[in-house]
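Just below is one structure, and these are the notes that go with it.
The values are calculated or read from the model by the stated rules, or taken from the named source; none is laboratory data. Quick caveat: nothing in here was measured; it's all calculated off a predicted structure. Ideal geometry is used to build each Cβ from the backbone, glycine not excepted, and the neighbour counts take in all protein chains shown. Just so you know, the surface numbers come from the protein's heavy atoms only, side chains and all, with ligands and any DNA or RNA stripped out. Shrake-Rupley method; radii C 1.70, N 1.55, O 1.52, S 1.80 Å.
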Amino acid sequence: MVETLGRSGIVLFWSVWGVPGRKGLPLLIHQIYQVGVLSLAIIVLSALSIGAVLALQFYTQLHRFGAEETVGLGLSLVLLRELGPVVTALLFAGRAGSAVTAEIGLMKATDQLSSMAMMGVDPLRRIVAPRLWAGFISLPLLALIFSMVAIWGGGIVAVDWLGVDRVSFWAVMQEGTDIWEDVGKGMLKCVVFALVVSWIAVFQGYDAMPTAEGISKATTRTVVLSSIMILALDFVLTLVLYGDFN
Amino acid sequence: MRIRTLEISVGAFMLTGFLALLFLAVQVSGISLERGTGTYTVEARFNDVAGIRPRAKVNMAGVTVGRVTDIRVDSEYAEAILTLEIDSAVRLPTDTGAAIQTEGILGGRYVALLPGVDDDYLAEGDTITYTQSAMVLENLIGDFLINIGGS
């Protein structure tokens, strides 16, 4: 347990150290394409459906108090503070994290990593670092897109379909949403999730047993461990960031 | 050619991310890109500011004209000192009063300003002395029970 943590710390350290420079930039861009651009479809679709469902639920409850205008505020707070970062990170772990683990694990199983090391190419720099950094960059961007699309989708349901007044929908939202308190702290959560999910994904691949079964186990561990860490860290972060109950 | 489309799609992805941030900042949080006319700060001393939080609204005639920026306690007089940041377009006579009020029954607490009639105006750093403290529901209920018991 402690030994695994130590090994993963060493991998993290040397990969972060191996921040892709000028020569590594094409590798990084390729990885951002793999984990970021290709995750867009699932992120946008989930965001639309979650935004629409949230708007419906908020509307049915708030309608009883005659407070339909507050639907927008409810949407923005729930999405920016919690669902945006958490759901994006969970989807990202399932969609991109597992793929990274499987890829690196298979490279290890087919001795690509060790032959690279033999040729004097550091696999941590060449393979692991670009994937770690790509995840670290992509996840916050995906979360921003998630929140935007979900609020927009919720707005369509609330305003165009359920007939909430368009001006007060946005005005109440703007009145109650704060740039640092909601957007900033949400993004802070996201950055932490991005680091943890990318770290788990590359390390599980790098540390996988070089067999078919080992890769399958590593991929599963990436998804399970990432999800648990995201949810546990979310509680801790919420407590630290918003737990000022005085 | 294949590399170029890849780079373009990554560029578009990152651009979309930053546009989303802009959308969340401007359309959702409602920060205005043009600078406001500026603000000045005044202090107000209260006996009790229960329920007031930093960034609480400061209203005049129901219109938000500022925010509470700081809450301190003066232990010598056992008074609370609120620092209020007021829009500089709003000029307040020196005998302006301040009261802690509640939005609706369950709403948040805010500071209501009741402008006076003086010809002089409050300037940066001045203190509002005519204040009315927060109504604490528990105290009211307590008083009510004591009155019933006494009669």
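Values for this structure:
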quantity: Most fluctuating residue given options B:84, B:15, B:114, as computed from a GNM of chain B linking Cα atoms under 10 Å; calculated: B:15
quantity: Protection-proxy order for peptides A:180-186, A:129-135, each taking the mean of Cβ atoms within 10 Å per residue, highest first; calculated: A:129-135, A:180-186
quantity: Within the protein assembly as shown, percent of DSSP bridges classed antiparallel, to nearest 5; calculated: 75
quantity: Karplus (6.51, -1.76, 1.60) ³J(HN,Hα), θ = phi - 60°, over the range A:149-161, in Hz, Gly and Pro reported as x; calculated: 5, 5, 5, 5, x, x, x, 4, 5, 5, 7, 7, 10
quantity: Accessible area per residue, Å², chain A with all protein chains present, probe 1.4 Å; calculated: 48
quantity: Members of the range A:132-148 that become less accessible by 30 Å² or more once partner protein chains are added (1.4 angstrom probe, chain alone as reference); calculated: A:141, A:144, A:145, A:148
quantity: Chain A, relative contact order [Cα under 8 Å, separation at least 6], %; calculated: 34
quantity: Length released on extending from residue B:75 to residue B:139, taking residue separation times 0.36 nm less the Cα-Cα span; calculated: 20.9 nm
quantity: Net charge over other residues, Cβ less than 9 angstrom from the Cβ of residue A:234 (K, R count +1; D, E count -1); calculated: 0
quantity: Rounded percent of accessible protein surface that carbon and sulfur make up, the protein assembly as shown, 1.4 Å probe; calculated: 65
quantity: For the range B:48-138, accessible area per residue (1.4 Å probe, heavy atoms of protein chains only), Å²; calculated: 58
quantity: The range B:9-25 - phi-based ³J(HN,Hα) in whole Hz, Karplus 6.51/-1.76/1.60, Gly and Pro as x; calculated: 5, 5, x, 5, 4, 5, 4, 4, x, 5, 5, 4, 4, 4, 4, 5, 6
quantity: Nearest-0.05 FRET efficiency for residue A:126 and residue A:216, computed from C-beta distance (R0 22 Å); calculated: 0.35
quantity: Label-point gap, in nm, between residue B:26 and residue B:55 - each point 7 angstrom along Cα→Cβ; calculated: 2.2
quantity: Most mobile of B:137, B:82, B:22 in a GNM of chain B (Cα contacts under 10 Å); calculated: B:22
quantity: For the protein assembly as shown, size of Cβ-based charge dipole, Lys and Arg +1, Asp and Glu -1, in debye; calculated: 2500
quantity: Net +/- balance of residues flanking residue B:29 in space, Cβ distance below 14 Å, scoring K and R +1, D and E -1; calculated: -1
quantity: √(5λ) per eigenvalue of the Cα gyration tensor, chain A, largest first, Å; calculated: 40, 17, 16
quantity: Point-charge dipole on Cβ atoms (K/R +1, D/E -1) for the range A:104-246, about Cα centre, debye to 20; calculated: 640
quantity: Options A:146, A:123, A:179, ranked by Cα towards positive dipole end of the range A:27-237, top entry (Cβ charges); calculated: A:123
quantity: Inter-chain Cβ neighbour average for residues A:173-184, partner chain, 10 Å; calculated: 4
quantity: Accessible area buried, both sides summed, chains B and A with 1.4 Å probe, Å²; calculated: 2200
quantity: Per-residue average of Cβ from other chains inside 10 Å of B:12-22; calculated: 6
quantity: Degrees between helix A:212-242 axis and first principal axis of chain A (Cα, 0 to 90, nearest 10); calculated: 40
quantity: Residue (of B:100, A:87, A:99) at the positive-pole extreme of the protein assembly as shown, dipole from beta-carbon charges; calculated: A:99
